[in-house]
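Enquirer: I'd like to ask some things about the structure below.
The values are calculated or read from the model by the stated rules, or taken from the named source; none is laboratory data. Keep in mind it's a predicted model, so treat the numbers as computed, not measured. Virtual Cβ from ideal backbone geometry, glycine too; neighbours counted across all protein chains shown.
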Amino acid sequence: MQSQISLPRFLARTARALVAFALTAGLALGSTGAAHAQRVPIVRDAEIEALVREYARPILKAAGLANSGITIVLVNDPAFNAFVAGRRIFVNTGTLMTAETPNEVIGVLAHEAGHIAGGHQERLRDQLERAQTMAIVAALLGAGAMVAGAATDTSGLGAAGAGIVAGGSEFARRGLLGYQRSEESTADRSAITYLNATGQSSRGMLKTFQRFQSALSLSGARVDPYQVSHPMPRERIANLETLAKSSPYFDKLDPPALQQRHDMMRVKIAVYTQGQAAASRTLRNLNDPLATRYGDAQATYLYGDLRSSLGKADALIKAQPKNPYFHELRGDILMKSNKPAAAAESYATAVRLDPARSGILPIALGQAYLAMGTPDSLKKAVAEIRKGLDNDRENSAGYRYLAQAYGMQGDVADAELATAEGHFYGGAYKDAKIFAARAQTKLKRGSPGWVRAQDIINYKQPGKKK
């Protein structure tokens, strides 16, 4: 007996195929999409953020993005990766820790800047819509063949119709991947343009691709170059090597002071995210004595003796008295030693010396004042935390400390509004609306706090229905 397929069953099956295709294409977009960006584990650190922004600043200027509100976000992920979402460049901590020189990270940032300057995200959305349209057309053609086959008891025609559906979706998917590969190549070339414009070497970019090629070779994996969204590493090296080596800056090295800060960043990431074993390996591979001592002081703080770590921090400060992050480390040690007054002094020095004016350091100072718990220190805590939030508005943890300070002062309305802000910037919009509504009942109608609470209550998450 010949099998037949009803039109409703076919449409349901086709719908499932289209949904599967859309999800597959969506994953390609998701790597640079805001939804993905909201799910990544973010890590905050004043020192690392300041250094990476310093790496990016001349590149963004060369790309015409200096005044475009581009921000850089650190992702707590050991993989070597970076991606773009909107006006944000996300960089994995694994990228920063693996890269042996600043130039390697700068090459990654230049590539991502190329995506933003080239409008690749917007174009990718257009390509996704086109690919979905192609899949729909293929599905309709296949539907006609399958219905005709069912009506005439011609099983071969029905099978051909199913093949049209599957083939159309695969053709659309390959087209989308091919488009992404071309955009990656364009971003690579743009990156070299930016590096040349800023008088920097593109050697780091080539080293990154060589690292990918080595990892791929060691894995033994056989990859179909037409089934991936990025060009193969060997192909990227071949396309860029001549262009990179023709630059007068190819052999230019990073300044020693910048390399030292880079090494300090690498060991800091290893200590705080990879554990003692990884930290020890990184320390052994460092050539800079001060960076080695910095990593050792942090490892001692986290895993060893607080008194010993304080002595090591003091020695670092003696070597570089104007380094704000050595004073920050001293403050961290004193806070963990339950000495908030002394910690406040160290944090205050860090805030004063910080050229980047990070919002993180004033918030840390506010935490120390908060731990002191006196009426005067609570006032200082509110002032410092608010100062930090003025520079770092989306610091959700800062709002929690601000809410605690207000609560200890008996200011319930502002405590609830700060809690609402913390939930809002943490992505917990339902909780944010609840606390905003509670705060609004205690705030004067029309006051700035009342208006902000109303904004949170009325906020509609993109892509969500009310």
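Enquirer: In the list A197, A221, which residue meets the criterion of being surrounded by fewer than 18 Cβ atoms within 10 Å (Cβ to Cβ), at pLDDT 95 or above and more than 30 Å from A299 (Cβ to Cβ)?
Expert: Of A197, A221, the one residue that is surrounded by fewer than 18 Cβ atoms within 10 Å (Cβ to Cβ), at pLDDT 95 or above and more than 30 Å from A299 (Cβ to Cβ) is A197.
Enquirer: Spot the failing condition for T374; the list is (1) exposed (fewer than 15 other Cβ atoms within 10 Å of the Cβ); (2) not assigned by TED's automatic domain parsing to the domain that holds I360, and only one is missed.
Expert: T374 satisfies every listed condition except (2).
Enquirer: If you don't mind, another one. Of the residues G311, G410, G331, which is within 20 Å of A297 (Cα to Cα), surrounded by fewer than 24 Cβ atoms within 10 Å (Cβ to Cβ) and among the small types (G, A, S)?
Expert: Working: G410 fails: within 20 Å of A297 (Cα to Cα); G331 fails: surrounded by fewer than 24 Cβ atoms within 10 Å (Cβ to Cβ).
Answer to the check: G311.
Enquirer: Looking at S358, S346, can you tell me which residue is surrounded by 24 or more Cβ atoms within 10 Å (Cβ to Cβ) and either among the β-branched types (V, I, T) or over 22 Å from the mean Cα position of the chain (by Cα) (or both)?
Expert: Result of the check over S358, S346: S346.
Enquirer: For segment 432-456, name all the residues that are under 31 Å from the mean Cα position of the chain (by Cα) and under 9 Å from A420 (Cβ atoms).
Expert: Listed by number, the residues that qualify are A432, K433, I434, F435, A436, R452, A453, I456.
Enquirer: Also, I was wondering about something else. For segment 292-355, please list each of the helices (runs of 4 or more DSSP H) lying entirely inside it that holds at least 1 residues being free of Cβ contacts under 8 Å to residues at least 60 places away in the same chain and either in the same structural domain as A279 (by TED's automatic domain parsing) or farther than 28 Å from K380 by Cα (or both).
Expert: Once the helices (runs of 4 or more DSSP H) in segment 292-355 are filtered for at least 1 residues that are free of Cβ contacts under 8 Å to residues at least 60 places away in the same chain and either in the same structural domain as A279 (by TED's automatic domain parsing) or farther than 28 Å from K380 by Cα (or both), what remains is 306-319.
Enquirer: Something else: Which of the residues spanning segment 69-102 are part of a strand (DSSP E or B) and either assigned by TED's automatic domain parsing to the domain that holds L286 or of a type outside the set (F, W, Y) (or both)? If you could, list the steps in order and put the result at the bottom.
Expert: The initial filter retains those residues of segment 69-102 that are part of a strand (DSSP E or B), namely 71-75, 82-85, 88-92.
Within segment 69-102, T71, I72, V73, L74, V75, A82, V84, A85, R88, I89, V91, N92 meet the criteria.
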